[in-house]
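**Student:** After the structure tokens below, expect a handful of questions from me.
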Amino acid sequence: MRKESHNLVRIRDETMWVNYVKTSNLDIVSTLCKFPKTEHDRASFKVDVPLTDSVYAIIVVNGLFTENNNNKPLIRSFCRTFFIVPQSQGFVIVNDMLLVSNPSVCWLL
């Protein structure tokens, strides 16, 4: 398990949950820079907008990518969910969730 895993099933001490949440721009970018290099398969992307109205929208993006780690490429799947709200003339992401896992057989067919 990664030292900073957000898997709440594995973290037994509830006080640690708050410690792993990144809120400042610097903390978020620093965490993203620690991720391994990847190459996304854009043809695998699926975008869904399950809920939207004049106050907010939820956008879900699923797809595959190759993780180039230690000269042995690993195919992974992702699900990224954005919760966006209108602001001024555009939109702002107020919540962004990323789930990375091994792809199911359906993805690889």
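The values are calculated or read from the model by the stated rules, or taken from the named source; none is laboratory data. From a predicted model like this one, the values you see are computed outputs, not experimental measurements. Quick note on the areas: whole protein, heavy atoms, side chains included, nothing else; ligands and nucleic acids left out. Shrake-Rupley method; radii C 1.70, N 1.55, O 1.52, S 1.80 Å.
**Student:** Helix-only estimate, please: 222 nm mean residue ellipticity of the chain, summing -39500 (n - 2.57) across DSSP H runs of length 4 or more and dividing by its residues, to the nearest 500. Numbers along the way, then the final one.
**Tutor:** Values: 3 runs with 19 residues, N = 109.
Counting only the DSSP helices, I get -4000 deg cm²/dmol.
**Student:** What part of the accessible area of the chain, given as a whole %, is carbon or sulfur when the probe is 1.4 angstrom? Please report the intermediate quantities before stating the final value.
**Tutor:** Values: 5080 of 8860 Å².
Carbon with sulfur: 57 percent of the solvent-accessible area.
**Student:** Could you pull the Rg and Dmax for the chain, using just the Cα atoms, both in Å?
**Tutor:** 16.2, 47
**Student:** How much area per residue is accessible in the chain when the probe is 1.4 Å and only protein heavy atoms are counted (Å²)?
**Tutor:** Working: 8860 Å² over 109 residues.
Accessible surface, normalised per residue, equals 81 Å².
**Student:** Now a separate question. Go ahead and set up a Gaussian network model of the chain, Cα springs under 10 Å, then flag whichever of Val49, Val21, Val60 fluctuates most.
**Tutor:** For the chain, modelled as a Gaussian network with Cα springs under 10 Å, the answer is Val21.
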